[in-house]
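Working notes for the structure below.
The values are calculated or read from the model by the stated rules, or taken from the named source; none is laboratory data. Keep in mind that what you see is a predicted model, and the values were worked out from it rather than measured. Here the Cβ is made from the backbone with ideal geometry for all residues, glycine too, and neighbour counts use every protein chain on show. Surface areas here come from the heavy atoms of the whole protein model, side chains and all, with no ligands, DNA or RNA. Shrake-Rupley method; radii C 1.70, N 1.55, O 1.52, S 1.80 Å.
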Amino acid sequence: MEQVLIKAREVASKVVVEAGQAALSAFDRSAQVTEKDEFGDVVTEADHAAESIILKQLTKSFPDHAIISEESGHNDVKSDWTWQVDPLDGTNNFAIGLPVFSSSITLIHKNQPVLGVIYEPVIDRLYVADTLAGASCNGQVMQVQKRQNPNRFTIAWIQGHAVRNEAKAVQLRQHLDLNCKRMLRTWAPTLCWALLAKGEIDGVVLYNSEGEDLYSGLLMVREAGALVFDFDGNEFTGIKSESPYFIACHPENRAYFLGLVREGLD
């Protein structure tokens, strides 16, 4: 397993940068934008171009691995190793000229994320996390931080496209907004996880958001020292749910965030 992971880190780190740079070269230019589902999510030519770069290299380097990619779906290979690819996380931002987007690749072994790479091309940040070497940004070790005053916490909110204005989600969002210094909604979930891993924000609350971008970020914050648990307080131990509800924060803030979310849902 260790040799596979070392090779995977090298390949994924290189190709995610290539894909991100390809997307960046098309940013803020006239491009075809297509709605791809009933919830208004969109896809652009840059999504397909970045995805093609990633899938070509992963297929060449790991022909016996399963691959699930946001635009192309499953490659129909059965394996204990599964790659998840989101070639352009933050496509809605990209489409309106907002420079907040990334490319994300995750490797999962038997339902456990073991490698996550996220590349933010606008500012050339490469985030890498794996179970052998921890989490880093451009080679610098990342560590979640603990601040003392909850009223000064900044948190990120992530929700799935299908959630929209579900009553419970709106209720919880408003409660979090009123009880934290700032609540971020970036439309690019991987970058929310990266901010937590870097120690720039204090927590992430994820409400029913499953996708190819999820587990690279989740692994990123875990390897940076965060605790990840569901709304019932159960720690994340492996991929099980198709409708995940997660909280991530510094371990010493677990009780605070769990209580805050439960209050918001009552």
The helix 45-61 Cα axis meets the longest alpha-carbon principal axis of the chain at an angle in degrees, between 0 and 90 and rounded to 10, of 70
With the other protein chains left in place, how much accessible area per residue, in square angstrom, belongs to segment 120-185 at a 1.4 angstrom probe? 57
By how many degrees, 0 to 90 and rounded to 10, does the Cα axis of helix 214-223 deviate from the longest principal axis of the chain? 70
Would you please put 248-256, 203-211 in order of how densely packed they are, using the mean number of other Cβ atoms within 10 angstrom per residue and starting with the highest? 203-211, 248-256
Please give, to one decimal in nm, the separation of the simple spin-label points placed at residue 168 and residue 111, each 7 Å out from Cα toward the Cβ. 2.2
Of all accessible surface on segment 132-266 at a 1.4 Å probe, what whole percent is carbon and sulfur? 43
Report the residue, chosen from 34, 82, 44, that carries the largest GNM mean-square fluctuation when the chain is represented by alpha-carbon nodes joined by springs under 10 Å. 34
Pull out a ≥ b ≥ c, the square roots of the eigenvalues of the alpha-carbon gyration tensor of segment 134-183, then state rounded if a/c is under 1.5, prolate if not and a/b is larger than b/c, and oblate in the remaining case. oblate
Name the shape class, rounded, prolate or oblate, that the alpha-carbon gyration tensor gives for segment 170-266, where a ≥ b ≥ c are the square roots of its eigenvalues, rounded holds for a/c under 1.5, and otherwise prolate holds if a/b is larger than b/c and oblate otherwise. rounded
Accessible-area order (highest first, 1.4 angstrom probe) of the listed residues 247, 6: 6, 247
Could you check which residue among 139, 217, 160 shows the biggest mean-square fluctuation in a GNM of the chain with a 10 Å Cα cutoff? 139
The lysines whose Cα lies under 17 Å from the Cα of residue 14, excluding any fewer than 8 residues away in the same chain, are 56, 60
The chain: antiparallel DSSP beta bridges as a percent of all, rounded to 5: 75
Nearest 20 debye, what's the magnitude of the dipole of segment 153-266 about its Cα centre given +1 on Lys and Arg Cβ and -1 on Asp and Glu Cβ? 280
Compute the Cα gyration tensor for segment 69-145, then decide on rounded, prolate or oblate, letting a ≥ b ≥ c be the square roots of its eigenvalues: rounded whenever a/c is under 1.5, prolate when a/b is larger than b/c in the other cases, and oblate in all that remain. oblate
Please give the Cα centre distance for segment 222-266 versus segment 127-201, rounded to the nearest Å. 12
May I ask you to order 173-182, 45-54, 188-197 by the average number of other C-beta atoms within 10 Å around their residues, highest value first? 188-197, 45-54, 173-182
Helix 189-198 sits off the longest principal axis of the Cα atoms of the chain, rounded to the nearest 10 on a 0 to 90 degree scale, by 70
